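A.B. asks: Have a look at this one.
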Amino acid sequence: MLVLRDISYKVGNKTILNNISLEVSNADFLIITGPNGSGKSTLAKIIMGIIKPTTGRILYNGKDITNLDVTERAKLGVSYAFQQPVNIKGLRARDLIEAAVGAPIGDTSAGKYLKAVGLNPVEYLDRELDNSLSGGEKKRIEIASVLARNAELTVFDEPEAGIDLWSFSDLLKVLKKQQAKGKTQIVISHQERIINAGNKLIVLKNGAIDG
């Protein structure tokens with residue numbers, strides 16, 4: 001279980017998040033939505049440990065992780081899928097998946113994660129994550145690496161962003177399959193079909209939970 005208690009985040013005199021409190025149970029599919037500038041991505045980064053809250057506490061499975069960085073949280077089973085996928089010349093899809101697994105794996109094992117997101121392993125395993133790939137292709141490879149990580153809790157920041165040939169229905173199948181496996185998911189999204197697929201919904205407005 002993930003618990004946020006009175007999380008606030010300020011930059012100078014500007015309040016980005018204001019006293020956010022919520023509980024996310026195991027196997028929840030929580031959707032966080034709201035208008036642009038409402039603090040959604042900031043909240044996602046705070047949950048992952050990319051940035052630290054100005055005030056408040058974060059508990060994961062009873063452990064206070066407020067001051068743990070992103071690497072330490074990853075070791076506890078918390079994962080993050082960026083809104084903008086990685087773009088690193090020389091880094092292949094295979095490399096990203098093996099980094100997620102934490103060990104070299106064969107073509108068959110690595111390929112199953114690409115197949116899960118609708119990509120042909122023969123074509124994509126050794127493709128570099130550079131500008132030769134579309135935004136949608138890079139996004140799908142990143143989601144494949146998230147599946148390979150097999151984290152207990154994953155934060156997806158607008159997973160539908162940049163999806164091209166891969167349909168929303170296929171993306172939803174991946175997310176629902178993860179939930180069926182008992183994985184906890186927090187999804188930042190504006191997309192109505194994704195919003196309707198969650199079992200919990202939080203709307204942020206002006207840095208606070210609306211309602």
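A short reminder: the numbers here are calculations on the coordinates, not readings from a lab. Note that this is a predicted model, so its numbers are computed, not measured. Positions of Cβ are generated from backbone atoms using ideal geometry, with glycine treated the same way; all protein chains shown enter the neighbour counts.
A.B. asks: Under a cut-off of 17 Å between alpha-carbon atoms, report the aspartates and glutamates in cross-link reach of K40, not counting same-chain residues fewer than 8 places apart.
C.D. replies: Excluding near neighbours in sequence, the set is D6, E23, D157, E158, E160, E192, D210.
A.B. asks: Relative contact order, percent, of the chain when contacts are C-alpha pairs under 8 Å separated by at least 6 residues?
C.D. replies: 31 percent
A.B. asks: Sticking with this one: Report the calculated FRET efficiency for A103 and A180 (r = Cβ-Cβ distance, R0 = 22 Å), to the nearest 0.05.
C.D. replies: Computed FRET efficiency for A103 and A180 comes out at 0.30.
A.B. asks: Still on this structure: If neighbour count is taken as other Cβ atoms inside 10 Å, put K205, K138, K14 in order from fewest to most.
C.D. replies: Fewest to most other Cβ atoms nearby, the residues stand as K14, K205, K138.
A.B. asks: Counting only other residues whose beta carbon sits under 9 Å from that of G90, what net charge do I get with K and R as +1, D and E as -1?
C.D. replies: -1
A.B. asks: Something else: In the stretch 188-211, which residues have a backbone nitrogen under 14 Å from the label point lying 7 Å from T54's Cα in the Cα-to-Cβ direction?
C.D. replies: 207-208
A.B. asks: Net charge near G106: determine it from the other residues with C-beta under 13 Å of the C-beta of G106, scoring Lys and Arg +1 and Asp and Glu -1.
C.D. replies: Within the 13 Å Cβ shell, the charges total 0.
A.B. asks: Using packing as a proxy for protection, rank 122-129, 183-190 so that the peptide with the highest average count of other Cβ atoms within 10 Å comes first.
C.D. replies: 183-190, 122-129
A.B. asks: Which of K45/K75; K112/K139; K45/K115; K52/K139 have a Cα-Cα distance over 21 Å?
C.D. replies: Where the Cα-Cα span goes over 21 Å, the pairs concerned are K45/K115; K52/K139.
A.B. asks: So what's the gap between the Cα centers of the stretch 1-29 and the stretch 75-152, to the nearest angstrom?
C.D. replies: Cα centroid to Cα centroid, the span is 29 Å.
A.B. asks: If you don't mind, another one. Quote the charge dipole size of the stretch 1-86 about the Cα centre in Debye, to the nearest 20; the model charges only the Cβ of Lys and Arg (+1) and of Asp and Glu (-1).
C.D. replies: Value, rounded to 20: 220 debye.
A.B. asks: What order, most packed first, do the peptides 42-52, 91-101, 56-66, 15-25 have when packing is the mean number of other Cβ atoms within 10 Å of each residue?
C.D. replies: Per-residue mean Cβ counts within 10 Å order the peptides as 42-52, 91-101, 15-25, 56-66.
A.B. asks: Please give, to one decimal in nm, the separation of the simple spin-label points placed at F168 and N36, each 7 Å out from Cα toward the Cβ.
C.D. replies: 1.9 nm
A.B. asks: Moving to a separate point now. Which value in nm describes the separation of the simple spin-label points at V203 and K115, placed 7 Å from the Cα toward the beta carbon?
C.D. replies: Output for this residue pair reads 4.2 nm.
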